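Some notes on the structure that comes next.
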C-alpha cells in the first residue's frame with residue numbers, strides 16, 4: 001500500500017498577520033486617534049495613511065481602518081507637515097442674503113464671494129491668491145441667512161475641529177439688535193437657564209451695550225441659537241453680527257470682502 005507523501009511544514013505566520021489577529025476591537029481606528037491627538041482631521045489622516053506617511057511604533061501603516069492602542073507612538077512624515085502648512089484659512093464678512101453652506105431655497109452660498117476681486121485691499125497677509133486655495137475649502141461654522149459678520153472657511157481640518165468640534169470651547173462674540181422688553185429674570189435666563197431642543201445651554205456672557213443692543217459671547221452654536229434664546233425671553237432679534245471667533249476679530253473687514261488668516265493669528 002502506497003503512503004501519502006508527508007505534508008510540507010507550515011511556514012511561519014508573518015509577524016504583521018499575527019499582530020493583526022490580536023488587534024483589540026475596542027481600540028480606536030488610527031485616523032480617529034490621530035484626530036484626538038490633534039495631528040490632523042480624520043479625512044487628512046486617511047489620506048496620509050494611504051500615502052504611507054504614517055508610522056505606528058516605528059512601522060509604516062498604510063491600511064485604512066487599522067486599529068491602534070491608545071499608547072501607540074504615532075509619527076508622520078515631513079511631507080504631511082509640508083502639505084498641512086500649505087493649507088489656507090479665509091475670513092469673510094458675510095452679507096445678509098447668503099447661506100453659509102450649500103445653496104438652498106434659491107439662495108447662494110457665501111463661498112461664491114471668495115473671488116480674487118473681493119479680497120480686501122488692506123489684507124495684511126502676504127499670501128498670494130491661488131485657485132487651489134478654494135479646493136476643499138469648507139465653512140467652519142455657520143451664520144443664518146439674515147445674519148452678517150465673521151464666517152471662517154478653512155482647508156485645515158484641525159482648525160475646523162477646534163472651532164466646531166463637539167468639544168470646542170472657542171468663544172464666539174455677537175452684537176445683537178433687539179426689540180421688546182426684557183422681563184425681570186430675562187437677563188439671568190439668557191446667561192444660563194434656557195433649553196433648546198431639550199438640551200440645557202452652556203452658560204453665556206450677555207450684557208447690554210445700548211438700549212436696543214445686546215452683546216453675546218457663546219461657546220456653542222446651535223441652529224439659530226441667539227434668535228431662539230431671545231424669543232424665549234420675549235425679545236425679537238432685528239439684527240445679528242458675529243464680530244469675533246476666539247482670538248480673531250472681524251475688525252475693519254468690509255461686508256462682502258475676505259482676507260487670509262495670518263500665521264500669527266490663533267482662534
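The values are calculated or read from the model by the stated rules, or taken from the named source; none is laboratory data. Predicted model, so just to flag it, every value in this text is computed and none were measured. FYI the Cβ positions are ideal-geometry reconstructions off the backbone, even for glycines, and counts take in every protein chain you see.
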Taking region 233-248 and the residues there that are out of contact with any strand residue (DSSP E or B) (no Cβ under 9 Å at 6 or more places or on another chain) and over 22 Å from residue 125 (Cα atoms), the one that is surrounded by the most Cβ atoms within 10 Å (Cβ to Cβ) would be 233
Restricting attention to region 86-112, which residues are surrounded by fewer than 19 Cβ atoms within 10 Å (Cβ to Cβ) and part of a strand (DSSP E or B)? 104, 107, 109
If a residue has to be surrounded by 12 or more Cβ atoms within 10 Å (Cβ to Cβ) and farther than 17 Å from residue 136 by Cβ to count, how many in region 37-58 make the cut? 8
Can you report the number of residues in region 216-251 which are assigned to a strand (DSSP E or B) and over 26 Å from the mean Cα position of the chain (by Cα)? 3
Name the one entry in 115, 158, 128, 135 that is surrounded by fewer than 21 Cβ atoms within 10 Å (Cβ to Cβ), at pLDDT 95 or above and out of contact with any strand residue (DSSP E or B) (no Cβ under 8 Å at 6 or more places or on another chain). 115
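Scan region 178-188 and give yes if some residue there is part of a strand (DSSP E or B), touching a residue at least 24 places away in the same chain (Cβ under 8 Å) and farther than 20 Å from residue 142 by Cβ, otherwise no.
yes
Within the group 69, 62, 41, which residue is modelled with pLDDT of 80 or more and touching a helix residue (DSSP H, G or I) at 6+ places or on another chain (Cβ under 8 Å)? Talk me through it step by step, then tell me what you get.
Numbers: 69 fails: touching a helix residue (DSSP H, G or I) at 6+ places or on another chain (Cβ under 8 Å); 41 fails: modelled with pLDDT of 80 or more.
Of the residues listed, the single one that is modelled with pLDDT of 80 or more and touching a helix residue (DSSP H, G or I) at 6+ places or on another chain (Cβ under 8 Å) is 62.
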Among the residues of region 61-71, which ones are surrounded by fewer than 15 Cβ atoms within 10 Å (Cβ to Cβ) and closer than 17 Å to residue 25 by Cβ? 63, 64, 65, 69, 70, 71
Considering (1) in contact (Cβ under 8 Å) with a residue 40 or more places away in the chain; (2) out of contact with any helix residue (DSSP H, G or I) (no Cβ under 9 Å at 6 or more places or on another chain); (3) under 23 Å from residue 108 (Cα atoms), say which one residue 262 fails and leave the rest. (3)
In region 194-215, is there at least one residue being within 24 Å of the chain's Cα centre (by Cα) and either touching a residue at least 40 places away in the same chain (Cβ under 8 Å) or more than 27 Å from residue 139 (Cα to Cα) (or both)? yes
